[in-house]
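Written below as C-alpha cells is the structure these notes are about.
The values are calculated or read from the model by the stated rules, or taken from the named source; none is laboratory data. Small disclaimer: the values here were computed from a predicted structure and weren't measured. All Cβ positions, glycine included, derive from the backbone under ideal geometry; neighbour counts span all protein chains shown. To get the accessible areas, we keep the full protein, side chains included, count just its heavy atoms, and leave off ligands, DNA and RNA. Shrake-Rupley method; radii C 1.70, N 1.55, O 1.52, S 1.80 Å.
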Amino acid sequence: MINQNFQSDLVHFPDFHTHQKGNVFSIFNTLPDDGIPDQCFSWGIHPWYLNENWEKEFEKIESAKANPNLVAIGECGFDLIKGPGPKLQMEAFSAQAELAKKLGLPIILHCIKGTHLLQEYLKNHPEPPTIIWHGFNQNPQIAEKLLSFPIYFSFGKAILKQDSNAQQCLLKCPLDRIFFETDNSDIPISVIYQQASLLLGLSAGQLAGQVEENWNRISKRKIT
C-alpha cells in the first residue's frame with residue numbers, strides 16, 4: 001500500500017494517477033507492455049488500445065487481482081475521438097467495472113466525448129463500483145449531475161490554468177470527492193497540491209489528509 005508518513009516539517013503528497021514510475025506515494029498507471037511494477041499501480045484497458053481481442057488483456061488483469069499493489073482498475077472508459085466503436089468500449093468498460101466491484105477497488109476513468117456512455121452505464125447498473133474521473137476538466141454542470149453517483153474527481157495540471165473548468169469544478173466539488181494527480185506531465189505533484197491549497201484556502205497538508213481519508217473510504221486496499 002501507499003505508505004504516507006506525515007512529519008511536522010514534511011508532507012508526502014499522494015499522486016493518484018501517474019505515468020511516472022518510482023514515487024512510492026503514487027499510483028502508477030500500467031499499460032499493456034509495462035509489466036507489473038514494484039509499487040502501487042492501476043491496470044486497465046485504455047480505450048486507445050482497445051480492440052476485438054480485449055478479453056486477452058482482461059485475463060492478464062484478472063490474473064493480477066490478488067497482487068496487493070493493484071489498487072485500482074484503469075485507466076479505462078470511453079473515448080469517441082481516439083478509440084473503437086462505442087459498443088466495444090461499453091463491453092470492455094462493463095467487464096472491468098464488474099471486476100473492480102468484485103475486488104472492492106475503484107475505477108480510474110478516462111472519458112473524452114463519452115459522458116453519455118458513462119451515463120448509459122450508470123443507468124443500467126444501479127450499484128456501480130466507485131469511479132474516479134481522472135484529469136477532470138469538464139463543465140462544472142457535468143460534475144454536478146454525477147454527484148448522485150459514486151463518482152469522484154481527480155484534478156491535475158488543468159487547475160494551474162486560470163478560470164479553467166478544472167478550477168471551477170474544484171471550487172464547487174465536495175472535499176470528500178476529490179483527488180489529485182500528475183498524469184503524464186512532468187509537474188511535481190506538490191505543485192498541484194499547492195495550487196489546490198491556494199484555491200480552496202486549506203493547507204496542502206490538510207488536502208493530503210483529506211484525499212487519504214477519501215481513498216480509505218472507497219477502497220478495500222487502504223493507504224496507511
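Restrict the search to the range 183-224; then list the trypsin sites (Lys or Arg not before Pro) that DSSP places in a loop and that have at most 13 other Cβ atoms within 10 Å of their Cβ. Before the final figure, lay out each step's value.
Values: sites: ARG217, LYS220, ARG221, LYS222; in loops: LYS220, ARG221, LYS222.
Sites meeting the loop and neighbour criteria: LYS220, LYS222.
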Quiz item: Using the alpha-carbon atoms, what tilt in degrees (0 to 90, nearest 10) does helix 204-218 show relative to the longest principal axis of the chain?
Solution: 30 degrees
Self-check item: On Cα atoms only, tilt of 189-200 relative to the major axis of the chain in degrees
Solution: 70 degrees
Practice problem: Report the accessible area of TRP48, computed with a 1.4 Å probe over the heavy atoms of all protein chains in place, in Å² rounded to the nearest 10. | Solution: 110 Å²
Exercise. Could you state how much accessible area TYR121 has, in square angstrom rounded to the nearest 10, with a 1.4 Å probe and all protein chains kept in place?
Key: 10 Å²
Exercise. Would you grab the residues whose amide H sits under 5 Å from the one on ASP79? Only those 5+ places off in sequence or on another chain, please, with H modelled 1.01 Å from N.
Key: ILE112
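Full-extension gain between GLU98 and GLU127, please, as 0.36 nm times their residue separation minus the C-alpha to C-alpha distance.
9.4 nm
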Quiz prompt | Helix axis angle, 54-63 relative to the chain longest principal axis, alpha carbon, degrees | solution = 60 degrees
Exercise. Under 1.5 on a/c is rounded, so check that first for the chain, then, if it is not, pick prolate when a/b is larger than b/c and oblate when it is not; a ≥ b ≥ c are the square roots of the alpha carbon gyration tensor eigenvalues.
Key: oblate
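How large is the accessible surface per residue of the range 107-224, computed with a 1.4 Å probe and reported in Å² as a whole number? Let's see the in-between values first.
Working: 5430 Å² over 118 residues.
Using a 1.4 Å probe on heavy atoms only, each residue of the range 107-224 averages 46 Å².
Diagonalise the Cα gyration tensor of the range 126-224 and give the resulting equivalent ellipsoid semi-axes, square root of 5 times each eigenvalue, largest first, whole Å. Kindly include the intermediate steps, with their values, before the conclusion.
Numbers: eigenvalues 79, 58, 30 Å².
After diagonalising the Cα gyration tensor, the semi-axes are 20, 17, 12 Å.
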Quiz item: To the nearest 10 Å², what's SER154's accessible area with a 1.4 Å probe?
Solution: 0 Å²
